[in-house]
């Protein structure tokens, strides 16, 4: 019989699961939208809005997050261009599967704790 997982292990499994599934879905969405000019415009608008928010000094934290979102969207778009649609899709599905496995392990351990 296995021992009950610690809170730290459970937190790690949940974080990996949610992060993996979220990253996989995001990668599939970016792979599908990377050819659309609207995607690149949205990434640029996010980055510019973030810079404006930072410079206004009223919403610096939100501005940093917005700037980061714009930059990350652009980088992810460039990465999927380099990978190609097939490898981008495989990577997205792989992240979803690995995240799902981690979530399954989390819920299995959660059931053991109750």
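The values are calculated or read from the model by the stated rules, or taken from the named source; none is laboratory data. The structure displayed is predicted, hence computed values, not measured ones. Glycine gets a Cβ as well: all are built from the backbone with ideal geometry, and neighbour counts include every protein chain shown.
Only one entry in 79, 49, 43, 91 is assigned to a helix (DSSP H, G or I), surrounded by 13 or more Cβ atoms within 10 Å (Cβ to Cβ) and more than 18 Å from the chain's Cα centre (by Cα), namely 49. Look at segment 1-26: where a residue is at negative phi and a partner is exposed (fewer than 15 other Cβ atoms within 10 Å of the Cβ), sitting 6+ places away or on another chain with Cβ atoms under 6 Å, you get 4/112; 4/113. Looking across segment 6-18, the residues that are exposed (fewer than 14 other Cβ atoms within 10 Å of the Cβ) and assigned to a helix (DSSP H, G or I) come down to 7, 8, 9, 11, 15.
Quickly run through segment 52-76 and pick out the residues that are over 22 Å from residue 17 (Cα atoms) and crowded, with 16+ Cβ neighbours inside 10 Å. Give the steps one after another, and end with the answer.
Going residue by residue through segment 52-76, those that are over 22 Å from residue 17 (Cα atoms) are 52-68, 70-71, 74-75.
Once the filter is applied, which keeps residues that are over 22 Å from residue 17 (Cα atoms) and crowded, with 16+ Cβ neighbours inside 10 Å, segment 52-76 yields 53, 54, 63, 66, 67, 70, 74.
May I ask you to verify whether residue 97 is assigned to a helix (DSSP H, G or I), more than 26 Å from residue 15 (Cα to Cα), at pLDDT 85 or above and touching a helix residue (DSSP H, G or I) at 6+ places or on another chain (Cβ under 9 Å)? So residue 97 does not fit the description; no.
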